[in-house]
Structure formats: structure tokens, C-alpha cells
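Undergrad: Let me give you the structure first, and then I'll get to my questions.
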Amino acid sequence: MSRDHAHVQEFFGARAADWDSRFPDDGPAYAAAVAELGLREGDRVLDAGCGTGRALPPLRAAVGPSGLVLGADVTPGMLQAAVRAGRDREGRLLLTDVAALPLRSRSLDAVFAAGLIAHLPDPAGNLRELARVVRPGGVLALFHPIGRRALATRQGRQVTPDDLRAEPNLRPLLAGAGWRMTSYVDEDDRFLALAVRGA
């Protein structure tokens, strides 16, 4: 395990037990972002960096009982919190790194990733791995329940030009990894970038 992964596991592991209680009002934002994916009955979707699984219920509702919902996270404590919350009933949980997903190429219709990109040790490589497991024309949603400026304020820092989530940085990063950005929203109450996997 790399030092980056150990840091992510340490950071989120220490916060897993009370993560949902720290952000109790995010449910509607997650549901709205999932709706933007345009999922259909029977689709196959991955929640990459699923944490406590807050996106799993709306993902399951979108794909129905015939669909496949997977939640992947590198932090055992977050997945344990998802199980305690009963969200494992909405999808299969995988303890794995998004850098090396145990999934066949082109096996998914979509990937949902909430708050993930800032924690990726190799954003370009990791986005390529997400593209590998999604069929051509499949969709990626990079989401955060608050925008970049609001998040920076919450964390006591300034928004900087090198922020990966800034549109001028994110668009070419996605393109280099096999994705074409189709929409970008960065407002105080949400961040959502949608991209389509190329052929």
C-alpha cells in the first residue's frame, strides 16, 4: 500500500463512525446528482470511493432490482459504517483501490464518484482505470455536495488555480483519461462534472 493510500485510510478511518452525522443533510444533493447520470432500469453502476454508501440508495432506485450497484472504497472503516447503516442491501461493497478495480473492462454503464478526485494519488491514471471499466458512451459523475469555494471556506483555505476540480484543469485531465466532459457546475451548494467515455 502506498503512503498516499495509508494517509487516505488513516484520514477517513478516523472519521468513519460519525461521518454521516457530520453531514446529515446531504441526501437530497446525492439523489439529485445521481439523477443527472440518466441511469436506466438494469444499468450497471459503480460508486467509486463510496465511503459510507450515501449514494447507494439513489443508485439502486435508479437501476432497479435488475441493475447492478457496486460500492468501492479503500477504507475498511467506511465500508463497515455503510454496513451498519444497512446500505450494503442496496449494492455490493468492495474493499479495493480505484487504481486497480477487480472488474472486467467495459463492464459498467456509469461511475459515480463523490469527493473522490481530491484524494486520488494519480488522478490521470485513476481516471483511466475508471474509463477502462465503463463501456463506450458510459457516464462518469464527479460530485461534491458543496462547491469548490464553499468547501475551501469550510476547510479554512483559499481556492487555488491548481485545484483539479477547476474546469480548465479538469477538462484536459478527463480528456487525457478517455472522457469527454459534457457539463460542469460549480456553485456553493454543489459541484458536478459529467463526462462520457469515448470509443
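Undergrad: Which residue is farthest from Thr52 (Cα to Cα), if the candidates are limited to segment 86-107 and must be at pLDDT 95 or above and aliphatic (A, V, I, L, M)?
TA: Looking at the filtered set, the residue picked out is Leu103.
Undergrad: Return the only residue of Thr182, Thr160, Thr153 being at pLDDT 95 or above and among the hydroxyl-bearing types (Ser, Thr, Tyr).
TA: Sole residue among the options that is at pLDDT 95 or above and among the hydroxyl-bearing types (Ser, Thr, Tyr): Thr182.
Undergrad: Same structure again: Within segment 31-57, which residues are crowded, with 21+ Cβ neighbours inside 10 Å and not small (Gly, Ala, Ser)?
TA: Val34, Leu37, Leu39, Asp43, Val45, Leu46, Asp47, Cys50, Thr52, Arg54, Leu56
Undergrad: Return the only residue of Val69, Val98 being part of a loop (DSSP other than H, G, I, E, B) and buried (at least 18 other Cβ atoms within 10 Å of the Cβ).
TA: Going through Val69, Val98 in turn, the sole match is Val98.
Undergrad: Restricting attention to segment 150-199, which residues are in contact with a strand residue (DSSP E or B) (Cβ under 7 Å, 6 or more places away or on another chain), of a type in the set (A, V, I, L, M), open to solvent by 30 Å² or more (accessible area, probe 1.4 Å) and farther than 21 Å from Val133 by Cα?
TA: Residue satisfying the conditions is Val185 alone.
Undergrad: List the residue pairs whose Cβ atoms are under 6 Å apart, where the first residue sits in segment 16-32 and is closer than 16 Å to Gly77 by Cα and of a type in the set (A, V, I, L, M, F, W, C), the second is open to solvent by less than 40 Å² (accessible area, probe 1.4 Å) and at pLDDT below 70, and the two are 6 or more positions apart or on different chains.
TA: Correct list of pairs: empty, since none qualify.
Undergrad: While we're looking at this one, here's another question. Inside segment 107-199, counting only helices (runs of 4 or more DSSP H) that do not spill past its ends, which hold 3 or more residues that are in contact (Cβ under 8 Å) with a residue 12 or more places away in the chain and small (Gly, Ala, Ser)?
TA: Because the criterion is at least 3 residues that are in contact (Cβ under 8 Å) with a residue 12 or more places away in the chain and small (Gly, Ala, Ser), the helices (runs of 4 or more DSSP H) in segment 107-199 that meet it are 123-132.
Undergrad: Against the definition (within 17 Å of Asp26 (Cα to Cα) and either in contact (Cβ under 8 Å) with a residue 60 or more places away in the chain or under 13 Å from the mean Cα position of the chain (by Cα) (or both)), how does Gly51 come out, yes or no?
TA: In short, yes.
Undergrad: Turning to a different aspect of this structure: Residues in segment 86-132 that are among the aliphatic types (A, V, I, L, M) and more than 18 Å from Leu173 (Cβ to Cβ): how many?
TA: Number satisfying all stated conditions: 8.
The values are calculated or read from the model by the stated rules, or taken from the named source; none is laboratory data. Note that the structure is predicted; figures quoted are calculated from it, not measured. Here the Cβ is made from the backbone with ideal geometry for all residues, glycine too, and neighbour counts use every protein chain on show. These area figures cover heavy atoms from the full protein model, side chains too; ligands, DNA and RNA do not enter into them. Shrake-Rupley method; radii C 1.70, N 1.55, O 1.52, S 1.80 Å.
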